[in-house]
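In what follows, a structure is listed as structure tokens, so that the remarks can point back to it.
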Amino acid sequence: MNIKGLRVGIIVTAALVSFALFFAGQSIYQRHFVLNPLLEELGAIEGVEGVQVLTAEEGKSFAFQLAGGLDLARVYGEIEAKLRTGLGKEGYTIFLKDHRNRDLEEAYHRVHFALHEAIARGNFRDLADKVEEEARSLGIEDYRVTVDSERVYLQFELDGYYLYEVVPRQGNPERRG
């Protein structure tokens, strides 16, 4: 079809091919020059055993397999700093994979009400006392509660199993960064 001497079919085809090449190039650039180096940096953090990028509707989601016996607040802070630097204002979500068992899940269940109450009321000393009480009642000797301005970090370890929970203080669990 010709309009004023122009071949519309060729123009439309060229435009579609150009758009396809642009988006393919953008995807390749993102993968090889942004995402892969970022994944290498994240994987090099002490305590991170593996990183996966998950499909997400908004932004990117990262799943981290963490080792036992680490300082959860420190490792999470390093992860978040690298994501913020690597992704800028792009949204992302962090998922932590731990190695929990029923005893550790029971310990978390027993303290999660106190955890959320502490976030709402600011009574973190009461939370620390409750965590200590419940951990000892279940025979868990290795536990830690850490609080910073943005989150509460809770970790339990028992017989080679470990549970990590990071709970936002400001009610913003979706976008982190």
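Things worth noting here:
- Order of Y164, Y153 - criterion: other Cβ atoms within 10 Å of each residue's Cβ, fewest first: Y153, Y164
- Put in line by how crowded their Cβ is, counting other Cβ atoms within 10 Å and starting with the fewest, I94, I119 read I94, I119.
- When +1 charges are put on Lys and Arg Cβ atoms and -1 charges on Asp and Glu Cβ atoms, the dipole computed for the chain relative to its Cα centre reaches about 1360 debye.
- Using the Cβ-Cβ distance between E49 and E105 with R0 set to 25 Å, the FRET efficiency works out to roughly 0.75.
- Whole-angstrom Cα spans of the chain along principal axes, big to small: 85, 32, 27
- Candidates L127, L39, L138: whichever shows maximal mean-square fluctuation once the chain is modelled as a Gaussian network with Cα springs under 10 Å: L138
- Debye intensity ratio I(q)/I(0), log10, segment 73-160, q values 0.16 Å⁻¹ (C-alpha model): -0.72
- DSSP-defined beta bridges in the chain - what % are antiparallel, rounded to 5: 80
- Peptide packing for 50-60, 69-79 was compared via the average number of neighbouring C-beta atoms within 10 Å per residue; ordered from the highest value, the list is 69-79, 50-60.
- For L66, residues with placed amide H under 5 Å, excluding near neighbours: E49, K97
- Amide H to amide H, with H built 1.01 Å from N, T93 comes under 5 Å of K60, S61, F62, counting only residues 5 or more places away or on other chains.
- Förster-model FRET efficiency, 45 Å R0, I3 and N36, C-beta, rounded to 0.05: 0.50
Each reported figure results from applying straightforward, stated rules to the coordinates on display, with no laboratory input. This one's a predicted model, so the numbers in the text were calculated from it and none came from an experiment. Cβ: placed from backbone, ideal geometry, glycine included. Neighbour counts: every protein chain shown.
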